[in-house]
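None of the figures in this text is laboratory data; all of them are computed from the coordinates on show. Being a predicted model, the structure only gives us computed values, none of them experimental. As a convention, Cβ positions derive from the backbone with ideal geometry for all residues, glycine included, and neighbour counts pool all protein chains shown.
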Amino acid sequence: MRMSLWNRNILKGLWMLAGVALAACGGVPTSWPGMQVADQTLYVANLDQVLAVDPQSGQERWRFPPKDGNAGACGVVYHAAPAVVAGRVLIAAEDPATGESRLCGLDRESGALQWVYPPAEQPPLGPIFAGLISDGTQVFAGTGDGWVIALDPETGQPRWRTRLPEAGRGAARIWATPVISGTLLVVGTMDHRLLALDRESGGLRWPAPFQAQGAIAGALTLDGETLYVGAFDDHLYAVDLGGGQERWRFRAGHWVWDGPAVAGDRLIVGDMSGKVWALDRQGRPIWAQPFQANGPVRARPLVVGDRVYVADEAGWLHWLNRTDGTKVKSVNLAPGRLLTPSVVAADRIVVAPTGSPFRVIAFHPDLSEAWKLAR
Amino acid sequence: MNPITLITNLLFFQPLINLLLVLYALLGQNFVLAIVALTVLIRLLLYPLTAKQQQAMKKMQELQPRLQELQKKYGKDREKLAQEQIKLYKEAGVNPLGGCLPLLIQFPILIAVYQAIIHVLALNPIAVIDLSKLLYRFDGFSTLSTLLPIQSQFLLWDLGRPERVFVPVGGILIPLPIMTLLVVVTTWWSQKVMTPPSTDPQTRMTTRLMNLYMPLFFGWISYNLAVGLSVYFIVTNLISMVQFALVTRDWRGALVRRFALGRAPAVPSSPPSGSPPSGSAPPAPSPRPRRKARSAKH
């Protein structure tokens, strides 16, 4: 009898422990860093901080929230690449428990909070993973529940809000950083579509007549009148910007997440199997064989002159020769995972690893370490 | 990736994720139906184990009158009592811990199901990156990935997010945790129906407290984690009760009578209703076990 009592209550206790384990599974905030470079300053949104850093020396200029300050409704976790326009740095702040976000305007010089949209007394936005972009007078944000918002960067007042039409998969979630071309704002969605909005009004100009077979989750690449779009159907699409018609498609080895880097006569694109290709403007491979990274290549490669830098999810940063794709050097940043695009600033190659003790690591062009910022 | 994670992924997590996606595709891309179907399949898979557990507990129930006699006879001599109890268990071929294994096996399954639901719903880019490594690819082509993103909206809820439904009352937003309440009610109900009562005051008190805390605890988990998990809990609780009624062949008792009489039947529950078996209960109140108990007495 004692054994049975023991049996029952111990097992109930174990179930509670299992519950605690489950709760722990859901409570860890995930980092999806974003970076932006403007006027010799590097802005990094990573986990619980937004930093303004001198890219030459790694010296921190300001951080948000300040060490002794309160971020208010702009607290918790920062994912999307900031937008920098006029005297403002715009960031997206997410509450990871609910996935709800707000856009926040910081003073560019001091990092002081200037405004919050929507204000604390109004319902927040959906999650924001797409980078924020600006045309110089407005800032645009796409949300994970299908809204596109244009804001006045100075005041945080909305110019327009558009809910993208649904296509049978619930909200047209936006994870892909949009692009601006003339009067168009082109948005890719997780429900496989590409849509162009009017930049001034937010009205729909065209939905692309083609539809990918997989989600469009990464940044779009604009090159003249052609838009390059990666999708989870293992293809890279070249799309005519005029009406969204497909020009060609290239089949990769796995999902193509980010659009390619444009490097002179070629496009450099990676996929989630870790392969990296150089394609010509017709989608034909140029290198004799693709470069094979050590992990999935989620982020768009970075091209600086004749050097191609490829960051992979296993934490490797590779330096390739642009001409033939041969590897010159690799460095390993494990346990960090390199998921977001590297940037170049003041002759530094800068990465923001996920799951690393360092928020930002900068390298010289030869991949020797320049500086790094700890968490 | 460390070897344990690799093996866990290969054996549990990856098959679950792909199965969930296949079910989603087969069931009209309805994710709630996919979760329900997955839960039913898991219960069917575990049926041999849970049936064994229930049979072991039935045997324990049948021994209750004799155990009570031993309690009366050797109540003051704990050592002798323990010896006699062990002897009785041996004679009857009963292992009092026989019900543990099926319950223990369900811990990793519960966590794997939760992780599968969250990963398939792909709520953030990192979850999707992890998902991309787990999807089966056929002929080098990931056909399952064309199903992404999953339609996660179900009535008022986003299945991949915690329940945050509010109703405005007099200008104030009041939370309306419907799914959480359903988890609490079904957990409580299944425990109430399936947990046997006890004559021992200490055991009775412990049971009462656990039967109060467990539903609240699962409610707390449900409120804080994705609604998809609440669906899994609710379905599991309902299936547990149906399975219980099938085993005891006492549908009315399972659904109504035990509340009316304030009594519970003999066969123990299975999680997440979370009431592991007890050997301390008196002869069971449900018709079949009670008859067996009488025959054991005579």
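State whether chain A is rounded, prolate or oblate according to the following rule on the C-alpha gyration tensor (a ≥ b ≥ c being the square roots of its eigenvalues): a/c under 1.5 gives rounded; otherwise a/b larger than b/c gives prolate, and the remaining case gives oblate. Rounded.
Take the Cβ atoms of B:ALA92 and B:LYS133, set R0 to 56 Å, and the FRET efficiency comes out at 0.65.
Proximity of backbone amide H atoms, modeled 1.01 Å from N, is registered between A:VAL360 and A:LEU373 at under 5 Å, excluding neighbours fewer than 5 places apart on the same chain. What net charge is computed for the residues neighbouring A:LEU184, neighbours being all others with C-beta under 14 Å from the C-beta of A:LEU184, Lys and Arg scored +1, Asp and Glu -1? The answer is -3. Net length available on complete extension from B:LEU26 to B:MET205 is 59.7 nm, with 0.36 nm assigned per residue and the Cα-Cα distance removed. Annotation: amide H-H contacts under 5 Å for A:ALA263 (H modelled 1.01 Å from N, sequence separation of 5 or more, or interchain): A:ILE268.
Each helix, a run of at least 4 DSSP H residues, gives -39500 (n - 2.57); summed and divided by the residues of chain A, these come to -2500 deg cm²/dmol at 222 nm.
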